[in-house]
1. Please verify whether the stretch A:87-104 includes one or more residues that are more than 9 Å from chain C (Cβ to nearest Cβ), of a type in the set (D, E, K, R) and assigned to a helix (DSSP H, G or I).
2. Please work out if C:Val899 is at pLDDT below 85 and in contact with a helix residue (DSSP H, G or I) (Cβ under 8 Å, 6 or more places away or on another chain).
3. Would you pick out the residues in the stretch A:1-44 that are part of a loop (DSSP other than H, G, I, E, B) and basic (Lys, Arg)?
4. Could you tell me which of the residues C:Ile444, C:Ile463, C:Ile433 is touching a residue at least 24 places away in the same chain (Cβ under 8 Å), within 27 Å of C:Lys409 (Cβ to Cβ) and β-branched (Val, Ile, Thr)?
5. Tell me the residue from C:Ala754, C:Ala705, C:Ala745, C:Ala726 that is out of contact with any Gly (no Cβ under 7 Å at 6 or more places or on another chain) and without any contact (Cβ under 8 Å) to a residue 24 or more places away in the chain, please.
6. Could you list, in sequence order, the residues of the stretch C:793-827 that are among the acidic types (Asp, Glu), loosely packed, with under 15 Cβ neighbours inside 10 Å and either more than 27 Å from the chain's Cα centre (by Cα) or modelled with pLDDT of 85 or more (or both)?
7. If the requirement is being among the small types (Gly, Ala, Ser) and in contact with a Lys or Arg (Cβ under 6 Å, 6 or more places away or on another chain), which of these qualifies: C:Ala521, C:Ala588, C:Ala562?
Amino acid sequence: MWNSLKTMWIVFLHMFHRRATIQYPDEKPNIPPRWRGRIILSRDPDGEERCVACYLCAAACPVDCIALQATEDEHERRYPEFFRINFSRCIFCGYCEEACPTDAIQLTPDFEMGEYNRKNLVYEKEDLLIDGTGKYPGYNFYRVAGVTIGGKNKGEAENEASPVDPHSLLP
Amino acid sequence: MDLAMNSGFSHEWAAIWVNLILILAVLFAFSAMLSWIERRLLGLWQDRCGPNRVGPFGVLQIVADSIKLLTKEDWIPPFADRAVFVLAPAIVAVTTLLAFAVVPIAPGLGVVDLNIGLLFFLAMSSLGVYSIVLGGWASNNKYSLLGGFRAAAQMLSYEVFMGLALMGVVMLAGSFNLRDIVAAQENLWFCIPQILGLATFAVAGIAEARRLPFDLPESENELVAGFHTEYSSMKFGLFFIGEYVGITLISAMIVTLFFGGWLGPLLPPLVWFLLKTLIVIVCFVLLRAALPRPRYDQLMTYGWKVMLPVTLVNLLITGAVVLSAA
Amino acid sequence: MTTIHIDNRPYPAKDGENLLQECLSLGFNLPYFCWHPALGAVGACRQCAIKQFKNEEDKHGKIVMACMTAAKDGIRISIDDPEAREFRASVAEWLMVNHPHDCPVCDEGGECHLQDMTVMNGHIYRRYHGRKRTFHNQNLGPLVNHEMNRCIQCYRCTRFYREYAGGRDLDALVLRNQVYFGRHEDGVLENEFSGNLVEICPTGVFTDKTLKRHYTRKWDLQTAPSVCVHCGLGCNTIPGERYGTLRRIRNRFNGAVNGYFLCDRGRYGYEFVNSGRRVRQPLLRKNRTQLLQPASKRGALQHLGEMLSAGARVIGIGSPRASIEANFALRTLVGRDQFYLGISERDLRLLASVLDILKKGPARTPSLHEVELADAVLVLGEDVANTAPRLGLALRQSVRRQPEEIAKKMGIPLWNDHAVREAMQEEHGPLFIATLANTRIDDIATRTFRGPPAELARLGLTIAHALDPIAPQVPGLSNTAQALAGAIAEKLKAAERPLVISGIGCGDKAVVEAAANVTWALCNMGRPAELCYVVPECNSLGATMLGGGSLETALEAMNDAADILVILENDLYRRADAALVDRLLAAARHIVMIDHIKHATSAKADVVLPAAAFAEADGTLVNNEGRAQRFFQVFVPRGEIEGDIRGDTPRDIPGDIQESWRWMRDIMVVGRGDEGQWSSLDDVTAACAAAIPSLEPILRAAPSAAFRMDGQKIPRESHRYSGRTAMHANVSIHEPEQPQDLDTALAFSMEGYAGHPPPSLIPRFWAPGWNSIQALNKFQDEVGGPLSGGDPGEPLIEPTPGKKAAYFENIPAGFEPRVGEWLLLPLHHIFGSEELSILAPGIAELSVQPYLALNPEDASNLGLTAGDEVQLRLRPEADAQVDVKDAQVDVKADDSANVTTTAEIFRLPLRFEPELLHGTAGLPAGLTGMGNLGGVALPAWGELKKVEKGKQMEG
């Protein structure tokens, strides 16, 4: 009984404490950069799409809200033909970002995604792609990978020896 | 004492109607406002703001809520018992309002002046439980049914000492008439001699109004809102308003029975009554803000093993005091 | 059986087998790269290292390679030994030193044996930061992609390509740490089994180039067990679908049929399902002067209902490339007497003869696995490398049976692949190939013989006579042929499992009968001889067993005034002479075509209904050995998804494409009003089994639709299937309901039984930790053996054992070259001769172009040089003598219907074929783009003339 009364007194005293509330639309909250909000697709430092359409984000997604199709340009650089995220299903768990081997898919601090029409929550590649590198500057998957793309032949990636000549007779 | 009684027949009725409608309107408005008051207070005690966006300080929040409630789909589940399902929310509203009829607000202000006013209040408030039980039953849903069962058992247990708790007051005042009881506190509010009565009645009252910490029939986190799981729109609204009218009723009764009703110096009686009622209501909200919900067995143990003996002891002492005084 | 001790526990094992295979069979996860159940062990990759102990007291042990150590009784080994584990992990680390960071863009990713093994080894951190070795890639043609950087030098590719499949143009080049697997220069891989490199390669060096164009990960493919439709062997496949298009075919192991390998036609022909030539909605025209117009399903059926209610007589023409159920549904629709098979008279007689020989004769027909076990083979008249390629691969294994004795004598276990091959050198077992022209398996042949069909038949009959003097003797055979026949007879007689292979590819019944005579002669001598016939299409034998007349008899029936002609999945212009088909089609008042692709016949139809291709339907096919196999629907061809944001439930309209038997049922409902005869495939199969007792075993080809595992269906989608809530979101935000499958025990869903289904229902090979095709190990009781629960398929043909068969007495006259005329022989091509696969762009690129082949001598006599064009004029002539009294099928002998009346003139580029006999010429069989030549039954006589350059064609 005494405890209850004491509790009531303490709670009552809270009346004179400072409000913890942030008056959101009037006052913008400070959101940390690692916040898991709206998903974007970034570009590599050369301005090309980072996404190589490896399907790992789609596989990692627990609500299966990512669908894409891989395709290749004339120099066999792989990229997504379409890339669709259904944000009306997304739970912002960030597994896609964890799974992404090229740092292409990233979650951003933007959470203001309210829509009156669910259809507007379906984002295609044009809606997702941003012009910068996002959180991870500097990384370019195709500079590391062994495949050739336009402007990068075999042996020209980071830490690669020049290609072996199979017709050589030298030991 | 009763102005209306002394007037002519038609005059008399007109006065009663004016009184009635006025009180009803104020009561409804107040109960509705209460939801905003409660939420602001809870915010205050939880370091939040509470509803503050609709109108100045958010006072119009209840208007927005009402519009929302009224425009929502009035859904009766196909598996429900239709007639009972519709009846249940009506009962809660009707019984609490009827009980309010006997509350003496100020001299000359009140719907009726019954000799057995206190008994009428007890009768009406115990009728209220039917709405909960019936609502739970008619919803034909396991959560609602459990809520209904809990309500029945809880009311049964707390009803017992609710009436008994007031008997001390009756003994001291020597009347069941509420205006007489108020008058009997001219010198000393009954909260002093009947401190035990006040405590037990307050607890029983909270339980009767199904307020936290005694909201086990509803307990949203285990029974998903219990007896009113299936209710929507204005039927839910009636339960909602019924609850707030109930709080107001219990607070008004506590003020009437223990804190001298409208009595008080300087200020007009009506203001005194409203002020005291409001303070009791605020205490109720504080209770909600501070205390957790007990377990069901704890609730029962508390009712039967603590509250009932305390009430009986209080009755015994009061009886002895009254007898010795006589 | 013997007992081996693994980590101090006893296990039963097969004596003398290698320990790797035994450990895998026992269910242990032991990593490996270079070993393959079909290729044996070479001990090259050092990945399967284990500890071997001398005895129970020995705690130290020594590291050995499991794949190079025989299981002996009481042998004590440890897989879990820390030193062995460390050894394996460091091997994986060395292999990864030069492996590029490619996984995200590598097509093997997610089904990569190297990924699996790296995880299994626990090698999780790359310590090496130095420079990586690189290679340039080669363009290996339209089917196989090359990415040499990823190579881990396990040598599996060259071992398969050169040693198993007999290819010559892929080899290991250079030396040291620079070993390069490729051709001497860019170019198409010559071997017709190159596609298997995709599955053989443990990582992404060789990947599927057709998949690359519409790449999808393994886990995203919706798959179901299926059967290849591109030849008569019925290899088991796993097609995969994503977003409504077929993405690839993978091999589905069937120990009795295709084993681990598929031919390139079967693997890459699938793209016809996505082809622009597909019929995707009903087409309709009210009279023949109009063009075919798209119509709704209901409109088309209503039109059909009106046509049928007029009391018209209906004639049905079935198809050997449609399932048994589809053919039977048509037979039910039109009635037994109005049902014709859609095969030319000549071919039907050949098929009937094959069926009769297999059923009534004493010889068994072997499965492909049994072909591999044969130790002496005679191929008579069939170019198996082109008409049934997987059989050619089986023959490449059969020639190893006799030389294996050398290794056995030297005490080398047969799994010790390299040692066995060293012991054998270039030794091959007896394989005699007697065909029209050279074949791609001639390199392993003991002797070859070339000649027109009559000469092949005479050779066969002579062999039979040499084996059993009661068999008819062939007069007037050359001494060389006589000597050859004697030699062949000797080898066949000496063999433990002699085998004769023939087929209807050369279009001569005498050849079919001669093959039977040879086998029966062996059987009559008490030898366990086997007889294998190659049939041209996936359900040739099934259609023949169903019974029905030929195209020519259909024409005769049409002349009796029929009203409606219903044609099922059949381009009649490929079957018979264009003039005959024209007459047949002209005789019908209405032509209803039910097919999945547009072709010359459907262009003449009044109603074209979109049928489901193999990946969109369920059904049963009967292969050349009479094995009934069920193929399952992989995906539901989708129409549009209807429903907007306010709609309550989105409706997934399934599109107009449906199974042929469902069209038949719908026609029956609108025509006759017999409601609800069949609601699922099981109903049709049951009705078929009841109507035709010889087809009764098809009921057991696979479990019925009511079959459940633990109360659940078997999911077609993997548990990692992705994109479910987004793939249709651009059309409708509401997710469509998954299609329901009433016909089978499989579900179009990720949900269902997660364990191993029965062998005929396996939709994909996957096991925890085994994402690559090597997960198959977990589906076999004994690795490399049959699937757990038995290999799928139900035999329909049982031989009559012990019976003395009477020999065929019909001896064809020897071939006499004519002056000014050439006998035109059919030359089959793996890429081009088959109707459907040619619609796949990759196959089309490799297809031959129309030509006329002559031997150089004949060509120079005609004054032709390479690159010239030849003018060909077919000689109208009655077909060869007709003998159908022993045919199983109800074939009416009628020569009048069988006359080639056209005398058309064709112009074709010349091609030299040195092995063609003087007086014969070759034409590509079944090639599209040959005009009316496509339907001409070969062999036929024709006149050849040189086309003067710049001169227009006569006539």
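The values are calculated or read from the model by the stated rules, or taken from the named source; none is laboratory data. Remember, predicted model here, so these are calculated numbers, not experimental data. All Cβ positions, even for glycine, are placed from backbone atoms using ideal geometry, and neighbour counts span all protein chains on display.
1. Scanning the stretch A:87-104 turns up at least one residue that is more than 9 Å from chain C (Cβ to nearest Cβ), of a type in the set (D, E, K, R) and assigned to a helix (DSSP H, G or I).
2. On the way: at pLDDT below 85: yes; in contact with a helix residue (DSSP H, G or I) (Cβ under 8 Å, 6 or more places away or on another chain): no.
No; evaluated as a whole, the condition is false for this residue.
3. Going through the stretch A:1-44, the residues part of a loop (DSSP other than H, G, I, E, B) turn out to be A:1, A:17-38, A:42, A:44.
Once the filter is applied, which keeps residues that are part of a loop (DSSP other than H, G, I, E, B) and basic (Lys, Arg), the stretch A:1-44 yields A:Arg18, A:Arg19, A:Lys28, A:Arg34, A:Arg36, A:Arg38.
4. Details: C:Ile463 fails: within 27 Å of C:Lys409 (Cβ to Cβ); C:Ile433 fails: within 27 Å of C:Lys409 (Cβ to Cβ).
Only one candidate passes the filter, namely C:Ile444.
5. Numbers: C:Ala754 fails: without any contact (Cβ under 8 Å) to a residue 24 or more places away in the chain; C:Ala705 fails: without any contact (Cβ under 8 Å) to a residue 24 or more places away in the chain; C:Ala745 fails: without any contact (Cβ under 8 Å) to a residue 24 or more places away in the chain.
Answer to the check: C:Ala726.
6. Of all residues in the stretch C:793-827, those among the acidic types (Asp, Glu) come to C:794, C:798, C:809, C:816, C:821.
Cutting the leftovers down to loosely packed, with under 15 Cβ neighbours inside 10 Å gives us C:798, C:809, C:816.
Selection gives C:Glu809, C:Glu816.
7. Answer to the selection: C:Ala562.
Listed here are the residues, each with its yes/no results for (1) surrounded by 22 or more Cβ atoms within 10 Å (Cβ to Cβ); (2) farther than 25 Å from B:Ala153 by Cα.
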{"site": "B:Leu178", "(1), (2)": "yes, yes"}
{"site": "B:Val182", "(1), (2)": "yes, yes"}
{"site": "B:Gly242", "(1), (2)": "yes, no"}
{"site": "B:Leu249", "(1), (2)": "yes, no"}
{"site": "B:Leu257", "(1), (2)": "yes, yes"}
{"site": "B:Gly264", "(1), (2)": "no, yes"}
